[in-house]
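The next block holds one structure in the form of structure tokens; read it before the comments.
The values are calculated or read from the model by the stated rules, or taken from the named source; none is laboratory data. Model, not experiment: these values are computed from the prediction. Cβ placement follows ideal geometry from the backbone for every residue including glycine, while neighbour counts extend to all protein chains displayed. Quick note on the areas: whole protein, heavy atoms, side chains included, nothing else; ligands and nucleic acids left out. Shrake-Rupley method; radii C 1.70, N 1.55, O 1.52, S 1.80 Å.
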Amino acid sequence: MADILIAGAGLGGLTTALALLQRGHHVRVFEQAAELREVGAGVQLGANGTRILIALGLEAAMQQVVCAATSKEIRLGTTGQSWPTFDLGESSVERFGAPYWMVHRGDLHKVLLDAVRGASRDAIRAGDGCAGFEQSGDRVTLRLASGAQATGDLLIGADGVHSRIRQQMFGHGAAHFTGIMAWRGLVPMQRLPPHQRRLVGANWVGVGGHVVTYPLRRGELLNFVGVVEREDWRVESWNQPGSREECLHDLANWHEDVKTIIRNIDTPYKWALLGREPLEHYAQGRVCVMGDAAHPTLPFLAQGANMALEDAVVIARCLDLSDGPEEALRRYENARLQRTAAIVRGSSDNTKRFHNPALGSPEGAAAYVEREFQPDKVKQRYDWLYEYDALTVTL
């Protein structure tokens with residue numbers, strides 16, 4: 001069994017740790033935050049992600065915190081007109097073998113954290129993040145911010161979109177501002193009028209922006225994301241607070257239901273959306289990156305967390321199949337590059353679909369939605385995401 005170092009205790013790092021601990025590996029996870037909690041709001045987990053959590057033995061714990069939305073719909077941002085796109089309830093299990101879950105990122109993080117600590121009480125070292133690494137012979141040494149060091153057989157960089165591991169391996173890379181920023185917030189369902197408490201995921205589309213809403217935590221919360229084309233906010237961070245007034249100003253021309261949600265958010269947060277080209281490599285010797293450290297993506301296919309879960313299981317399986325860490329990481333890279341690049345590029349493409357000028361009038365919008373979101377096109381756009389099975393894919 002291998003001695004494995006993981007930089008980062010977010011969703012990807014913890015899932016990787018759990019998958020490896022269950023296989024008998026020795027795992028140490030180093031996290032810069034002193035308090036282990038996940039910021040953010042909602043996460044959508046398609047069948048490609050939920051089947052992994054179920055295989056890791058987390059179904060019962062997840063059932064306590066998720067919301068299994070009944071369906072998804074497209075709504076026109078100005079008039080509120082709606083079109084169903086696909087069913088998310090029983091049909092996800094029937095068609096893809098696993099459910100579609102909507103969950104608060106913090107709830108998912110706690111489920112994973114409890115599971116890792118249950119498997120190894122001392123696996124996670126909080127309050128000491130990654131500063132860099134060195135490889136030598138058959139060992140890799142992680143340098144920590146405190147000045148301490150840890151040595152193991154391989155190092156997995158799960159340290160997020162601003163990854164130090166990725167920077168040391170491949171440089172800073174070119175991140176370009178997309179001209180888009182996003183608002184996010186949570187609203188207790190009871191604050192909303194009855195017609196807005198449905199357990200349905202909605203994509204509100206319009207000219208120059210779109211809004212995504214879906215229920216969380218057994219239907220007790222509504223997650224809100226408002227995406228607008230705006231040039232003057234370029235901070236790529238999830239925890240920068242804004243104000244309801246500023247958010248309402250940005251979405252002033254949207255339907256009253258959207259504005260009702262915004263008025264009931266305690267604190268809306270805003271972040272700039274930066275785009276990056278997919279990496280050509282994820283591994284060097286005994287070091288690799290995964291999750292947002294490997295393939296940061298725009299949120300327009302709702303696949304960021306799912307990709308991290310997939311990476312975690314593939315890394316664990318590659319170690320099962322390989323003679324050593326370097327071969328395992330080469331397998332992992334070969335298995336993941338094409339799929340993750342397709343998701344990154346597909347997420348960028350969806351920006352144009354949600355912000356199309358044809359949505360400027362009710363008549364044009366109806367024709368556009370009926371053309372772009374007809375069942376066959378929706379299946380072509382999404383089924384390949386949910387059909388992928390990281391537990392059985394050839395490596």
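How many residues does segment 315-343 contain that are open to solvent by less than 10 Å² (accessible area, probe 1.4 Å) and in contact with a strand residue (DSSP E or B) (Cβ under 9 Å, 6 or more places away or on another chain)? Spell out how you get there, then give the answer.
Taking segment 315-343 first, the residues open to solvent by less than 10 Å² (accessible area, probe 1.4 Å) are 315-316, 318, 328-329, 332, 336, 340, 343.
Subsequent filtering for residues that are in contact with a strand residue (DSSP E or B) (Cβ under 9 Å, 6 or more places away or on another chain) retains 315, 328-329, 332.
Final tally of qualifying residues: 4.
If the requirement is being among the aliphatic types (A, V, I, L, M), touching a Gly at 6+ places or on another chain (Cβ under 8 Å), in a strand (DSSP E or B) and touching a residue at least 60 places away in the same chain (Cβ under 8 Å), which of these qualifies: V225, V258? Break it down into steps so the answer makes sense when it comes.
Numbers: V258 fails: in a strand (DSSP E or B).
Answer to the selection: V225.
Would you mind telling me which numbered condition in (1) within 26 Å of G160 (Cβ to Cβ); (2) surrounded by fewer than 16 Cβ atoms within 10 Å (Cβ to Cβ) G201 fails?
(2)
Restricting to segment 116-127, count the residues that are open to solvent by 30 Å² or more (accessible area, probe 1.4 Å) and either touching a residue at least 24 places away in the same chain (Cβ under 8 Å) or aliphatic (A, V, I, L, M) (or both). Break it down stepwise before answering.
Residues of segment 116-127 open to solvent by 30 Å² or more (accessible area, probe 1.4 Å): 117-122, 125-127.
Applying the additional criterion that residues be either touching a residue at least 24 places away in the same chain (Cβ under 8 Å) or aliphatic (A, V, I, L, M) (or both) yields 119-120, 125-127.
The qualifying residues number 5.
Does L155 fit the bill of being in a helix (DSSP H, G or I), modelled with pLDDT of 95 or more and open to solvent by less than 50 Å² (accessible area, probe 1.4 Å)? Lay out the reasoning, then the answer.
Values: in a helix (DSSP H, G or I): no; modelled with pLDDT of 95 or more: yes; open to solvent by less than 50 Å² (accessible area, probe 1.4 Å): yes.
For L155, the condition - in a helix (DSSP H, G or I), modelled with pLDDT of 95 or more and open to solvent by less than 50 Å² (accessible area, probe 1.4 Å) - is not met.
If you take the residues of segment 271-310 that are outside any loop (DSSP other than H, G, I, E, B) and of a type in the set (D, E, K, R), which of them is most open to solvent (accessible area, probe 1.4 Å)? I'd like the intermediate steps shown before the answer.
Taking segment 271-310 as the starting set, the residues that turn out to be outside any loop (DSSP other than H, G, I, E, B) are 271-276, 283-284, 287-289, 291-293, 304-310.
Those still in the list that are of a type in the set (D, E, K, R) too: 276, 292, 310.
Values: R276: 43, D292: 67, E310: 0 Å².
So, considering only residues that are outside any loop (DSSP other than H, G, I, E, B) and of a type in the set (D, E, K, R), the one most open to solvent (accessible area, probe 1.4 Å) is D292.
For G226, indicate whether it is farther than 30 Å from L329 by Cα, touching an Asp or Glu at 6+ places or on another chain (Cβ under 8 Å) and buried (at least 17 other Cβ atoms within 10 Å of the Cβ). Step through it out loud before you land on a result.
Numbers: farther than 30 Å from L329 by Cα: yes; touching an Asp or Glu at 6+ places or on another chain (Cβ under 8 Å): yes; buried (at least 17 other Cβ atoms within 10 Å of the Cβ): yes.
Here the answer is yes, as G226 does meet what is asked.
Name the residues in segment 135-151 that are open to solvent by 80 Å² or more (accessible area, probe 1.4 Å) and free of Cβ contacts under 8 Å to residues at least 12 places away in the same chain, would you?
Correct list: S136, Q149.
Could you tell me whether R166 is open to solvent by 50 Å² or more (accessible area, probe 1.4 Å) and either without any contact (Cβ under 8 Å) to a residue 24 or more places away in the chain or among the basic types (K, R) (or both)? So that I can check it myself, show each step before the final result.
Details: open to solvent by 50 Å² or more (accessible area, probe 1.4 Å): no; either without any contact (Cβ under 8 Å) to a residue 24 or more places away in the chain or among the basic types (K, R) (or both): yes.
Considered against the rule, which asks whether it is open to solvent by 50 Å² or more (accessible area, probe 1.4 Å) and either without any contact (Cβ under 8 Å) to a residue 24 or more places away in the chain or among the basic types (K, R) (or both), R166 comes out as no.
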